[in-house]
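Below: the structure, in structure tokens.
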Amino acid sequence: SWSSSDSFISTDSAGESAEPGGPYRVVLLGASGVGKTAFANIFAGAADSDDCELCGEEVCEKEIEVDGEPATLTLLDTWDAETDNKCAQEPCMQTGDAYLLLYSVTDRASFLRASELRISLRCVHPAQHTPIILVGNKCDLVRRREVSVSEGRACAAVFDCKFIETSAAMQHNVWEAFHGMVRQLRLRRESKEA
Ligand code: GDP
């Protein structure tokens, strides 16, 4: 079954040869209702529309500054969480240089879904150091919390990815997640150049 992953590898190598500073393709993944659209809207809305050269409903490309250096991110909110159709989902799993894997801290099922998606990503990007950040969103909903911070952190440790809790509603830590993504993409590039 691995032969079908050849095309994934070529997609990934396109990412490897990306210019310093991008554009980097960042894909939002996660169950329905966890806040992917809210993340995309914050990303798209943060600057003048002039800055957003290629913004549609599902794709937004813009330059941001991280640690004093510019980076161009293409954010893809194309994941169809409703479909069980693997063929429809695989392109999303293939195209990213990096992934934001969202769940809602108020929805344990979405946390389990994030684990499943993490496993699928590992299959699609075998032995690739594709940056992934596990994002526990809706941390403002304190009284509805079903997944603790330590559970999220432990899951990220098992899955060998970074972890952050966010609130898109409060605009808390959302940009930290995007900036963290850029830092990881830069580190990956530097380790390849070394
Ligand atoms: P998607 O299906 O993953 O794209 O999820 P949406 O971005 O559409 O969010 C689903 C619902 O959760 C919407 O009503 C959002 O307003 C709400 N939502 C998203 N992020 C947060 C958050 O951080 N806190 C709270 N309280 N609500 C949120």
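The values are calculated or read from the model by the stated rules, or taken from the named source; none is laboratory data. This is a predicted model, so every value here is computed, not measured. Please note: Cβ atoms are built from the backbone with ideal geometry, for glycine as well, and neighbour counts cover all protein chains shown.
Counting only residues that are more than 13 Å from Phe111 (Cβ to Cβ) and under 14 Å from the mean Cα position of the chain (by Cα), the range 151-165 holds 3 of them.
Only one of the numbered conditions (1) within 20 Å of Trp79 (Cα to Cα); (2) under 14 Å from the mean Cα position of the chain (by Cα); (3) away from the ligand (no atom under 16 Å from the Cβ) is violated by Val124, and that is (2). Could you name every one of the helices (runs of 4 or more DSSP H) located completely within the range 84-194 that has at least 3 residues being at pLDDT below 95 and surrounded by 17 or more Cβ atoms within 10 Å (Cβ to Cβ)? Once the helices (runs of 4 or more DSSP H) in the range 84-194 are filtered for at least 3 residues that are at pLDDT below 95 and surrounded by 17 or more Cβ atoms within 10 Å (Cβ to Cβ), what remains is 86-95, 108-124, 174-193.
Take the conditions (1) surrounded by 13 or more Cβ atoms within 10 Å (Cβ to Cβ); (2) at pLDDT 55 or above; Ala18 misses just one of them, which is (2).
This table checks each residue for (1) of a type in the set (S, T, N, Q); (2) touching a residue at least 40 places away in the same chain (Cβ under 8 Å); (3) farther than 24 Å from Asn41 by Cα.
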position	(1), (2), (3)
Ile133	no, yes, no
Cys139	no, no, no
Val147	no, yes, yes
Glu151	no, yes, yes
Val158	no, no, yes
Trp175	no, yes, no
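If only one of Val66, Val59 is β-branched (Val, Ile, Thr), modelled with pLDDT of 90 or more and within 22 Å of Val135 (Cα to Cα), which one is it?
Within the list Val66, Val59, the selection yields Val66.
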